[in-house]
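**Q** I have a structure here, written as structure tokens, and I will follow up with some questions on it.
The values are calculated or read from the model by the stated rules, or taken from the named source; none is laboratory data. In this text, all values refer to a predicted model and were calculated from it rather than measured experimentally. Virtual Cβ from ideal backbone geometry, glycine too; neighbours counted across all protein chains shown. Accessible surface is based on the protein model in full, side chains and every heavy atom, while ligands, DNA and RNA are left aside. Shrake-Rupley method; radii C 1.70, N 1.55, O 1.52, S 1.80 Å.
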Amino acid sequence: MGIAERAVGSGLVTDVVIRAITGDDDMGAQVELAEHAFGVYSAGQRAGWTYVAGLRARQGLFLGAFAEGRAAGAAMIHDLRQWWVGREVPCAGIASVKVAPELRGRGVGRRLMTAVLATVAERGYPLSALFPATMPVYRSLGWELAGGKYQATIPARSLWTLVAPDKDAGSAGSGGAGVRRAGAEDAARIIGIIGRAHRAARDAGALTWDEGPFRQWLGRADLYSYLAGDEGFAAYRWGGDGPHGQLFVERVHAVTPEALRALWSVIASHSSVTRTVTALTAPDDPFWWLTAERDATISRRSMWMLRVVDGPAAIAARGFPPAVAAAVPLEINDPARPANSGRWQLEVADGQGALTPVASSTARGETPLTLGARGLGALYAGTPVATLRLAGLAAGGTPDADAALDAAFAARAYMVDDF
């Protein structure tokens, strides 16, 4: 997704109308706009995009910009749940953002994204995430880099034999989990398994989808997916030409060691017909401790951005380390979402957090950590305060407060999804 910032035309477009796209709108015009912005879709891509666009339009989550009597831009909002240290937080995933090439750099994109942010807030999403093609317009409205989508490359020889459980650690044997093929009819069950896996792992940044788009993804003809009872799920596809192409693992989620090994064993069974396996995974996924050799590597990282839309709601919904207790004063400046601005007291205890407004007249003499919307989003995702300060995203505070915030927000944010 992306909005080009380089000016193509001259002068701002002043007659832009931004509104929700409905079933009465010409979806063909939206596809044409998307192809002008991103390139020609295959028949499968067109069908998939049209299905999701129709779903989001019915939900009021597809916004269009119209100028000079035609489609000038559009953006889609996905109804996601993002996991933060064992708890799921409603998150608006911003996708398919586009502006007609001849109108780029003339203010259409910024007006569109301003309307998107307002819609996200009206719908009550505490968070919003996106993958940027270019970052200036998103940063200007409060999104900031927060986590990564990591792709690992695994030589097949590392999967020939998975490392056995360590009996010295009291680990159980490797058997016990049966595996069967899965399909679109299993969508609700699989979403539940993925959520349980993220909760158990206390993952940060990872997503679960609503059922409609996820069911469509499961129904792809080129996707091969498997269930390990109610304890795990894996999906992969083949890429490249010929019968011995490259294996691409879309995801592996498991709640138990037995399910994890059973699913990776299915994937490893292909090691005799492919030289490498590519997998989307977390940097500290247990997979890294299953390979026989250390030659699996992170071969690609794609960064995503986060926006805290409602500060108090986002903090209340997020999970925190149960052993951490903290009370830190914050000063937040958020021009695009003024409700977030002001003096706040952040309190964390027993795995939960609260952000409470503090009147200027009652504020104690402590030096607050000052953040803008960008710094708040990066802090929420686990970026150390020292990093924020050096990057110009935070100021003030104290060394003790920095240490408390680092402990409270400690996370390694990632996701395996793209949108």
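**Q** Take the conditions surrounded by 15 or more Cβ atoms within 10 Å (Cβ to Cβ), of a type in the set (Lys, Arg), touching a residue at least 24 places away in the same chain (Cβ under 8 Å) and closer than 17 Å to Val85 by Cα and apply them to Arg337. Does it pass?
**A** Details: surrounded by 15 or more Cβ atoms within 10 Å (Cβ to Cβ): yes; of a type in the set (Lys, Arg): yes; touching a residue at least 24 places away in the same chain (Cβ under 8 Å): yes; closer than 17 Å to Val85 by Cα: no.
No.
**Q** Continuing with the same structure: Would you be able to tell me the number of residues in the range 313-352 that are closer than 25 Å to Ala118 by Cα, touching a Phe, Trp or Tyr at 6+ places or on another chain (Cβ under 6 Å) and among the small types (Gly, Ala, Ser)?
**A** So the answer is 0.
**Q** If you take the residues in the range 300-334 that are buried (at least 19 other Cβ atoms within 10 Å of the Cβ) and among the β-branched types (Val, Ile, Thr), which one is farthest from the chain's Cα centre (by Cα)?
**A** Top of the filtered list is Val328.
**Q** Give me a count of the residues in the range 376-419 that are out of contact with any Ser or Thr (no Cβ under 8 Å at 6 or more places or on another chain), assigned to a loop (DSSP other than H, G, I, E, B) and of a type in the set (S, T, N, Q).
**A** Residues in the range 376-419 being out of contact with any Ser or Thr (no Cβ under 8 Å at 6 or more places or on another chain), assigned to a loop (DSSP other than H, G, I, E, B) and of a type in the set (S, T, N, Q): 1 in total.
**Q** I'd like the residue in the range 34-59 that is touching a residue at least 60 places away in the same chain (Cβ under 8 Å) and in contact with a helix residue (DSSP H, G or I) (Cβ under 9 Å, 6 or more places away or on another chain) and, out of all such residues, is farthest from Tyr125 (Cα to Cα).
**A** Across the range 34-59, the extreme among qualifying residues is His36.
**Q** Go through the range 131-184 and give me each residue that's small (Gly, Ala, Ser), touching a strand residue (DSSP E or B) at 6+ places or on another chain (Cβ under 9 Å) and under 17 Å from Gly377 (Cβ atoms).
**A** Within the range 131-184, Gly142, Ala146, Gly147, Gly148 meet the criteria.
Yes/no matrix, rows are residues, columns are (1) open to solvent by 60 Å² or more (accessible area, probe 1.4 Å); (2) without any contact (Cβ under 8 Å) to a residue 60 or more places away in the chain:
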{"residue": "Glu102", "(1), (2)": "yes, no"}
{"residue": "Met113", "(1), (2)": "no, no"}
{"residue": "Tyr125", "(1), (2)": "no, no"}
{"residue": "Gly147", "(1), (2)": "no, no"}
{"residue": "Tyr150", "(1), (2)": "no, no"}
{"residue": "Ala156", "(1), (2)": "no, no"}
{"residue": "Pro165", "(1), (2)": "no, no"}
{"residue": "Ala197", "(1), (2)": "no, yes"}
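**Q** From the set of residues in the range 261-279 that are closer than 10 Å to Leu159 by Cα and open to solvent by 50 Å² or more (accessible area, probe 1.4 Å), which is modelled with the lowest pLDDT? Talk me through it step by step, then tell me what you get.
**A** Just the residues of the range 261-279 that are closer than 10 Å to Leu159 by Cα, to begin with: 264-265, 267-272, 276-277.
Among the residues that remain, those that are also open to solvent by 50 Å² or more (accessible area, probe 1.4 Å) are: 265, 269, 272.
Values: Ser265: 93, Ser269: 92, Ser272: 85.
Taking the candidates together, the pick is Ser272.
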